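Asker: Following this message is one structure expressed as structure tokens.
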Amino acid sequence: MNVNAFDSMEVSGNASVTLFQGKEYKVVVKAPKKVQNLVYVSATKGKLFVKVNDLPNKNPIIFNRNTNPITLIKVFVIVPSLTNIAIYDNADFYINNHFKAKKLEIKVLDNAACNVKQLYAKEVKVSVTDNADAYFEHFNVINSNINVTDNAYLDIKNVDAETSIISTSDNASAILNGKVKQGIKTFMSGNSSIQNKVNNLRDNK
């Protein structure tokens with residue numbers, strides 16, 4: 001379905017959402033007819049809301065003994081660009097290709113998970129909290145500010161940035177690999193940890 005233009009999105013409930021970059025604003029829902037009513041999609045005031053509700057307690061729908069019908073619901077979103085992404089509850093969020101943005105803020109909360117294949121941006125702010133997980137395979141940015149708190153976990157396989165600031169607190173943990181041209185600053189508190197394997201190119205001069 002085509003939806004109104006938006007530059008931010010919120011993913012919640014039990015949603016499994018895959019984001020693609022394109023020239024249009026479009027949402028595709030793939031789900032068995034019996035559970036399509038669990039999917040809520042709305043684009044209002046420049047924000048897209050995607051939520052997948054849990055199964056009702058009465059008369060649960062069972063396809064077979066090994067499959068929870070919630071896992072059969074997939075949502076695909078196409079958008080030219082975004083400035084804000086918020087992922088809540090038990091939602092799963094994926095970018096399986098590259099995505100470009102000028103300025104982007106990503107929030108991953110509760111028990112949500114975020115998995116990004118390749119991100120290109122001038123400025124990125126990432127917040128991972130509660131029991132959430134965030135994984136970036138390629139993190140190509142100019143400036144980034146990353147905050148990981150509570151029991152959250154962050155893993156960046158390949159960061160390529162000008163500058164980067166990362167802080168962890170409580171029982172959070174983060175792993176960073178890659179290179180930073182102008183410098184990386186790390187801050188830890190509580191029982192948190194940062195495995196900083198980033199090559200600081202400024203120190204190599």
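Computed from the coordinates by the stated procedures, all read-outs in this text should not be read as laboratory data. Quantities reported herein were computed from a predicted structural model and do not represent experimental measurements. So basically every Cβ, Gly included, is an ideal-geometry build from the backbone, and we count neighbours across all protein chains shown.
Asker: Among Thr149, Thr186, what is the fewest-to-most ranking by other Cβ atoms within 10 Å?
Answerer: Thr186, Thr149
Asker: Give the relative contact order (percent, whole number) for segment 86-203; include only Cα pairs under 8 Å separated by 6+ residues.
Answerer: 17
Asker: To continue, here is another question. Please compare each pair in Lys33/Lys117; Lys33/Lys102; Lys23/Lys107 to a cut-off of 29 Å on the Cα-Cα distance and tell me which ones are over it.
Answerer: Check vs 29 Å cut-off fails for Lys33/Lys117; Lys33/Lys102.
Asker: If you don't mind, another one. Normalised by the empirical 2.2 N^0.38 Å for globular proteins, what value does the Cα Rg of the chain take?
Answerer: With N residues counted in the chain, Rg over 2.2 N^0.38 Å equals 1.09.
Asker: Go through segment 17-55 and name the trypsin sites (Lys or Arg not before Pro) that are in a DSSP coil and have 16 or fewer other Cβ atoms within 10 Å of their Cβ.
Answerer: Lys23, Lys45
Asker: How high is the relative contact order of the chain, in percent, counting Cα pairs under 8 Å that sit 6 or more residues apart?
Answerer: Worked out over the chain, it gives 15 percent.
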